[in-house]
Amino acid sequence: MIKYVITNYYRLSVLGPRNAFDVDFVTRAIANDRNRVNHEDDMQELTKAHQNDQRRLTSVEFQTLAQVPAAVEWFANLDNPRTRRAYQNDLEDFCVFVGLASADEFRVVTRSHVLAWRAQLEHRGLAGATIRRKLAALASLFDHLLESNAIAGGNPVHGVKRPRIESNEGKTPALGDHQAKALLEAPDEKTVKGLRDRALLAVLLYHGLRREEAALLQVSDIQERRGIQHLKVHGKGGKVRYLPLHPVAAGRIHQYLESSGHHLADRKVPLFIPLRGKLTGAGITANGIYTVVAAYAKKAGIEVDGLGVHGLRATAATNALEHEADIAKVQVWLGHANISTTKIYDRRENRPEDSPTYKVKY
């Protein structure tokens, strides 16, 4: 992070002392670097030179780092680019609403200001999950500012009630079993593209991967553990989990690789590769996976509002739970940090076939 902080702090060094929090600094710094630092790999590239450089810091670099504002340190600690963008927008929202014009004004923000902001967010009709995330972003920043002695007192966000998690709130649509089967059979198994997409859909529907996780898979991530083939999945926050490879997915992957042969020279290549245009060695993108799912859903005649790749993840989780999978194991399987997230997919109490409607007899 040294190189990142140095290059950006000099460019926007009008901030003042270390303990100051300048809203404009943070928003401009992240906005200006959004295109240059838009992926975790890019952030790693920024620090690679300093990680490999054994020389000591110069006195100028040392003084520069000593003057980096606490808020910049906080932003630099957010590794996930999507989280960085979301939190940036959340903080901009709060600053505009409250009308913060200087660093000193952050020191006088009270719980009343946060409560007023929450009320305004609710008035705008934002989803409860969105409001909770915005409050979490603000709370996280204030926690860091307090730890850094950038402000005094307590965290004004603590004690502000978050919207309740309603049982049906924000649920990603899940497919029924017949729809999942239709989607799995939609690709043409007589073409390389069809074989690739059959394997891709099987990986998603039998393992509940996020689209980013599927896009990052390499052929070498198919590994044998205790005599069973597993997928090595690179999840959020750099966390790695190993999932037993479902036999259906294993068979489809084998057919696809037999046809493509792109792994023969080196197994450390993307599992799912684009088949159009010039091959660059890069795998299919997360957005590319979204396009694949949408195309085959349309071909299979599946009309579900809001269906995307995450819908297949929800389908896999719901199916596993309905077939009596232990919810704690499903949590690990999906890579959820909190089991409350996994419980959103537990719809066993809402199955139509179990409704009292079907118990009524006259």
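The values are calculated or read from the model by the stated rules, or taken from the named source; none is laboratory data. Only a predicted model underlies this, so the values are computations on that prediction, with no experimental measurement involved. Here the Cβ positions follow ideal geometry from the backbone for every residue, glycine too, while neighbour counts run over all protein chains shown.
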- Residue in the range 258-287 that is surrounded by the most Cβ atoms within 10 Å (Cβ to Cβ), counting only those that are in contact (Cβ under 8 Å) with a residue 40 or more places away in the chain and hydrophobic (A, V, I, L, M, F, W, C): L271
- Query: Do you know which residues across the range 290-321 are over 28 Å from K343 (Cβ atoms) and surrounded by 18 or more Cβ atoms within 10 Å (Cβ to Cβ)?
  - Reply: V292, Y296, A300
- Message: Cβ-Cβ under 7 Å, sequence separation 6+ or interchain: first residue in the range 320-340 and closer than 18 Å to R210 by Cα and aliphatic (A, V, I, L, M), partner modelled with pLDDT of 85 or more and assigned to a loop (DSSP other than H, G, I, E, B). Which pairs?
- Response: L334/G208
- Residue count, the range 83-116 (criterion: outside any helix (DSSP H, G or I) and either free of Cβ contacts under 8 Å to residues at least 40 places away in the same chain or not hydrophobic (A, V, I, L, M, F, W, C) (or both)): 4
- Query: Of the residues that make up the range 226-237, is at least one of a type outside the set (D, E, K, R), within 18 Å of L307 (Cα to Cα) and assigned to a helix (DSSP H, G or I)?
  - Reply: no
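Count, please, the residues in the range 288-306 that happen to be within 21 Å of the chain's Cα centre (by Cα) and in contact (Cβ under 8 Å) with a residue 12 or more places away in the chain. Let's see the steps before the verdict.
Our first condition is that a residue be within 21 Å of the chain's Cα centre (by Cα); within the range 288-306, this holds for 288-294, 306.
Now drop any that are not in contact (Cβ under 8 Å) with a residue 12 or more places away in the chain, which leaves 288-290, 292-294, 306.
Of the residues in that region, 7 qualify.
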- Subset of the range 117-136 [of a type in the set (K, R) and either part of a helix (DSSP H, G or I) or touching a residue at least 60 places away in the same chain (Cβ under 8 Å) (or both)]: R118, R132, R133, K134
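Within the range 145-155, which residues are surrounded by 17 or more Cβ atoms within 10 Å (Cβ to Cβ) and within 27 Å of the chain's Cα centre (by Cα)?
Going residue by residue through the range 145-155, those that are surrounded by 17 or more Cβ atoms within 10 Å (Cβ to Cβ) are 145, 150-151, 155.
Scanning the range 145-155 gives L145, N155.
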- Find all pairs meeting these conditions: Cβ atoms under 6 angstrom apart; at least six residues apart or on different chains; first residue within the range 137-148 and in the same structural domain as R107 (by TED's automatic domain parsing); second residue assigned to a helix (DSSP H, G or I) and of a type in the set (S, T, Y). A137/Y87
- For the range 309-362, name all the residues that are over 27 Å from the mean Cα position of the chain (by Cα) and assigned to a helix (DSSP H, G or I). E349, N350, P352, E353, D354, P356, T357, Y358, K359
- Query: What pairs come up if the first residue lies in the range 222-241 and is without any contact (Cβ under 8 Å) to a residue 40 or more places away in the chain, the second is of a type in the set (A, V, I, L, M) and surrounded by fewer than 16 Cβ atoms within 10 Å (Cβ to Cβ), and their beta carbons are under 6 Å apart, counting only those six or more places apart or on different chains?
  - Reply: H234/V240
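Going residue by residue through the range 275-287, is there one that turns out to be assigned to a helix (DSSP H, G or I) and outside the structural domain of P81 (by TED's automatic domain parsing)? Please lay out each step first, then the result.
Looking only at the range 275-287, we keep the residues that are assigned to a helix (DSSP H, G or I), and these are 286-287.
Next, only the ones that are outside the structural domain of P81 (by TED's automatic domain parsing) stay: 286-287.
Within the range 275-287, one or more residues are assigned to a helix (DSSP H, G or I) and outside the structural domain of P81 (by TED's automatic domain parsing).
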